[in-house]
Amino acid sequence: MIKFIKPAVKVISGTPQFRITETLDGDAPTYCFYSQSDLEADLRNLPSAQHTRKTIKTFDKVITISAGEVVFSLLSGDASIVRIERSGYLLTQNYAKLIPLRNVDAHYLVYVLNEDRSVRRQLRMGRQGSATVKYTLAQLNSLNLPPFPSREKQGLIGRLYFNQLELEARKERASRLETAIVLETIRKANQPWTS
């Protein structure tokens, strides 16, 4: 086993929302908040659900994300890689940015965090809170990871993992659309005849 922070990954906590000073100044940068639905869409390489984005204008220094970076949700315990559409989004204290170090492939890191049984068991055992379950940075920092294969093998496994998740998501979407079409056809067929 290798320790999580050293030598494999650097963990950077998101910005605590309560410490951000919002401003109405037109010159202040506007940031979109990264959300759980964004993480899930990034993981499956799908567009985010269409909803109103929560934004904030501030001159404060905040933690933002860039395309290709790994994000871990302290709410769900899931990780993903940020897609280009969400580059520049603000990361709150509910998320951590993970920077792979020394021959660690980002896609493989996400696979290990999301799927490795030993890692998932460690995460389940360390949950905090009674009503609202949340993972902690300390817990994330103390995770023991399994030994990593060669960088080449990591890349192959990581790409295969993401490709499979995308394929699964597209099949689910196609199935939902097919069901909607069939139900609409049944609804039309069941309407009373009009003269």
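The values are calculated or read from the model by the stated rules, or taken from the named source; none is laboratory data. The shown structure was predicted, so the numbers you read here are calculated from the model rather than taken from an experiment. Reconstructed Cβ throughout: ideal geometry from the backbone, glycine too, with neighbour counts over all protein chains shown. Heads up: the accessible areas ignore ligands, DNA and RNA and are worked out on the full protein's heavy atoms, side chains in. Shrake-Rupley method; radii C 1.70, N 1.55, O 1.52, S 1.80 Å.
Where the accessible area of the chain is counted over protein heavy atoms with a 1.4 Å probe, how much of it, in %, is carbon and sulfur?
Carbon and sulfur: 54 percent of the exposed surface of the chain.
In the stretch 81-100, which residues have a backbone nitrogen under 19 Å from the label point lying 7 Å from N141's Cα in the Cα-to-Cβ direction?
92-100
Roughly how tilted is helix 151-189, in degrees to the nearest 10 and between 0 and 90, from the longest Cα axis of the chain?
On a 0 to 90 degree scale, this one is about 20.
For the pair D25 and E85, how long in nm is the line joining their label points, each one 7 Å along Cα→Cβ?
3.2 nm
Return the single residue from S175, S150, S13 with maximal mean-square fluctuation; model: Gaussian network over the chain, springs between Cα atoms under 10 Å.
Checking each option, the largest mean-square fluctuation is seen for S175.
Among 16-23, 152-159, 63-70, how do they line up from the highest to the lowest mean number of other beta-carbon atoms within 10 Å?
63-70, 152-159, 16-23
Could you sort 180-192, 112-124 so that the peptide with the highest average Cβ count within 10 Å comes first and the rest follow in order?
112-124, 180-192
Looking at the stretch 68-157, which chymotrypsin sites (Phe, Trp or Tyr not before Pro) are DSSP coil and have at most 16 other C-beta atoms within 10 Å of their C-beta?
none
Step through the residues of the stretch 66-71 one at a time and calculate ³J(HN,Hα) from phi using the Karplus curve (6.51 cos²θ - 1.76 cosθ + 1.60, θ = phi - 60°), rounding each to whole Hz and writing x for Gly and Pro.
Residue by residue, the stretch 66-71 yields 10, 4, x, 7, 8, 10 Hz.
Which whole-number value in Å² is the accessible area per residue of the chain, probe 1.4 Å?
60 Å²
Between Q93 and E152, how high is the FRET efficiency from 1/(1 + (r/R0)^6) when r is the Cβ-Cβ distance and R₀ = 45 Å? Nearest 0.05.
0.80
Could you sort the peptides 27-33, 41-47 by per-residue average Cβ neighbour count (10 Å cutoff), highest mean leading?
Descending mean neighbour count gives 41-47, 27-33.
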